[in-house]
Structures are given as structure tokens and as C-alpha cells.
């Protein structure tokens with residue numbers, strides 16, 4: 001039985017597609033929702049054109065996670081969590097209960113043209129089910145962080 005959906009969000013088109021899918025699944029199965037963002041050394045925030053040091057912008061990143069990035073989850077009362085480290089480790093450390101399901105987009109802010117590294121590695125290493133949501137209508141991949 002699915003009890004909780006752990007959704008990896010990074011503000012990309014792929015993660016928005018994953019959030020939309022997760023909202024539908026949570027509504028159908030009554031699962032709780034945890035919206036997760038892994039905070040690395042650099043992150044993209046709306047106030048800056050280039051990636052910025054994450055630790056100096058945690059409040060802004062959390063606001064994005066709770067706002068635009070999670071807009072498809074409105075009405076589901078998700079839990080929001082910023083976790084230090086890489087996205088794969090953050091997802092694997094968070095989704096450990098047998099009823100957890102990890103949901104990620106097929107590619108994220110890294111701009112991969114096929115299956116992204118986060119979705120691929122998460123699927124290979126997870127001890128819980130993983131749903132990789134394709135982004136068929138994805139516009140041009142985002143510019144890679146430098």
C-alpha cells in the first residue's frame with residue numbers, strides 16, 4: 001500500500017511534471033506528500049541569473065519549493081523539506097518506509113537529453129518503488145549550471 005509520496009523537486013519542467021503526476025496519484029490513493037529539494041553547493045533562484053551559493057539563499061529556495069515548484073500540489077497539504085547533499089542521496093535517505101514511493105521527473109535542471117542522472121541513479125539504488133515521469137512536452141532543456 002502506498003502511504004507517502006516523496007517527490008524530488010528542483011524547479012525544472014521535469015520536476016513540475018512529476019509534481020502534477022504525484023498530485024493525481026496522491027488524490028487517488030490518499031497518500032501523504034513530501035516535497036523534497038536537495039541543497040547542493042549552487043542553486044538557481046529567481047532573483048539571480050546564474051547559480052548562486054545555496055547556503056546564502058536557503059530561505060529563497062524554501063520559498064520556491066513551497067511556492068512555484070509545488071504549485072501542482074496545492075490543496076494536498078504537503079510537507080516541505082530542504083535536505084543538504086546530492087539529490088539521489090537525499091531521496092534515498094528520506095524514502096525508507098515500505099509504503100514510500102519516490103517520484104521524480106525523467107530529467108531535471110542538469111539538462112540531460114535522455115534519462116537524467118538523478119532519476120537513473122535513484123531507480124538503480126532505491127529500496128522502495130520509484131516512478132520516473134517522462135516530460136514529453138518539455139521545451140528546450142534548461143541551460144546547464146557552470
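Only the coordinates and a few stated rules stand behind these numbers; no lab work does. Just so you know, these numbers come straight off a predicted model, no measurement behind them. Counting neighbours? That spans all protein chains shown, and the Cβs are built from the backbone with ideal geometry, glycine included.
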Residue with peak Gaussian network fluctuation, the chain [Cα springs, cutoff 10 Å], from 118, 17, 27 = 27
Within the set 102, 136, 61, GNM on the chain using Cα springs under 10 Å gives the largest fluctuation to 136
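Find the relative contact order for the chain and round it to a whole percent, using C-alpha pairs within less than 8 Å whose residues are 6+ positions apart. Please report the intermediate quantities before stating the final value.
Details: 290 pairs, mean separation 45.8, N = 146.
Normalised by residue count, the contact order of the chain is 31 percent.
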The chain - mean residue ellipticity at 222 nm from DSSP helices (-39,500 (n - 2.57) per run, n ≥ 4, rounded to 500) = -9000 deg cm²/dmol
Evaluate the distance, in nm, between pseudo-label points positioned 7 Å from the Cα of residue 3 and of residue 56 along their respective Cα→Cβ axes.
-> 4.2
Mean projection of the alpha-carbon convex hull of segment 13-76 over all orientations, in nm²?
-> 4.5
GNM on the chain, C-alpha springs below 10 Å: top fluctuator among 40, 116, 75?
-> 75
Using only Cα atoms, tell me the angle between helix 13-29 and the longest principal axis of the chain; keep it within 0 to 90° and round to the nearest 10.
-> 20
From the coordinates shown, Rg and Dmax of the Cα atoms in Å corresponds to which of [x] 24.1, 74; [y] 14.0, 43; [z] 21.2, 76 = [y]
Potential lengthening between residue 115 and residue 127 on full extension [0.36 nm per residue; Cα-Cα distance subtracted] = 2.4 nm
